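Values quoted throughout were computed directly from the atomic coordinates according to the rules given, and no laboratory measurement underlies them. These numbers were taken from a predicted model, which means no experiment stands behind them. Counting neighbours? That spans all protein chains shown, and the Cβs are built from the backbone with ideal geometry, glycine included.
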Amino acid sequence: MMVIGITGGIGSGKSTVSGMFRELGARVIDADKVAQEVMAPFEPGWWAVYEYFGQGIVCPETSEIDRARLGSLVFGDPLFLRKLNSLVHPLILRRIEELLQQLRDQGTKVAVLDAPLLIETGLHRRVDVVVVVWVERDIQIARLKSRQPQMAMSEIVQRINSQMSLEEKKKYADFVIDNNQSLEKTRQQVELIFQTIVKKGRGFERIE
């Protein structure tokens, strides 16, 4: 099975690109959804966050982690962010490995791993191809503001700065998708990459 790792920054359009790969026949694992799964009420990630950050991090009505409060804490303090990552990333990585194995067992030929921290967590070493979705910083900020209008500009910039820069991520890329323009332009790039790595044999020997 060939595994394509897709990464980028917050607001760069990773999910859009992953969806395009899905339309071409790839199976997609969304690392953000895996994180939500392992941090669901009373799951191991939930307990780890609860025990470290305290009862105030939990919504009393739903028992769910208050993601807005947690985000404001960790994106405002690098020490908190590193601690959160150390608590939940091993759980997320383990679940991703389980999902990848399930896809292999099902005979899947091409899988996509959509992971914002693909490089930071070392997951890029476990995929066959790394695709970085790149946008200009001002477009990234505008998209985030449009998606979350209640978020202050300072918080948006803080969240972007908390991640590895897109320029740095590009150094790890086998392919870079320029997502500054229209969806059609992005789709053309996705189709070309898919054809190159699957139909024209790039890494084809890695497909089981």
Open item on the list: Order 167-174, 150-157 from most to least packed using the mean count of other Cβ atoms within 10 Å.
Closed with: 167-174, 150-157
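If you place +1 on the Cβ of every Lys and Arg and -1 on the Cβ of every Asp and Glu, how big does the dipole about the Cα centre of the stretch 2-206 come out, in debye to the nearest 20? Mind dumping the intermediate values first?
Details: 28 positive and 26 negative charges, 117 e Å.
Here the size comes out at about 560 debye.
Checking the table K109/K169; K109/K170; K14/K169; K14/K185; K145/K170 against a 21 Å threshold on Cα-Cα, which pairs fail? Walk me through the numbers before you get to the answer.
Working: K109/K169 26 Å; K109/K170 26 Å; K14/K169 13 Å; K14/K185 15 Å; K145/K170 24 Å.
Table pairs above 21 Å Cα-Cα are K109/K169; K109/K170; K145/K170.
Order by neighbour count: S162, S12, fewest other Cβ atoms within 10 Å first, most last.
S162, S12
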Task: Dipole axis of the stretch 39-98 (+1 Lys, Arg; -1 Asp, Glu on Cβ), positive-most option in F53, A40, S63 - done: F53
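Using the Kirkwood formula over every pair of different C-alpha atoms, what hydrodynamic radius in Å results for the stretch 136-194? Intermediate results must be reported in sequence, preceding the final value.
On the way: mean 1/r = 0.0762 Å⁻¹.
It works out to 13.1 Å.
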Task: Where the Cα pairs of the chain fall when distances are cut into 5 Å bins, in % - done: 1, 7, 14, 18, 19, 17, 12, 8, 4, 1, 0
Task: Relative contact order (percent, whole number), the stretch 2-206, Cα cutoff 8 Å, 6+ residue spacing - done: 37
TODO: Pick out the long, greasy-scoring helices in the chain: whole DSSP H runs spanning 18 Å or more along their own axis by Cα, mean Kyte-Doolittle at least -0.5.
DONE: 78-105
- [ ] Rank these for me by crowding, W47, W134, going from fewest to most other beta carbons within 10 Å.
- [x] W47, W134
TODO: Of the DSSP beta bridges with both residues in the chain, give the percent that are antiparallel, rounding to the nearest 5.
DONE: 5
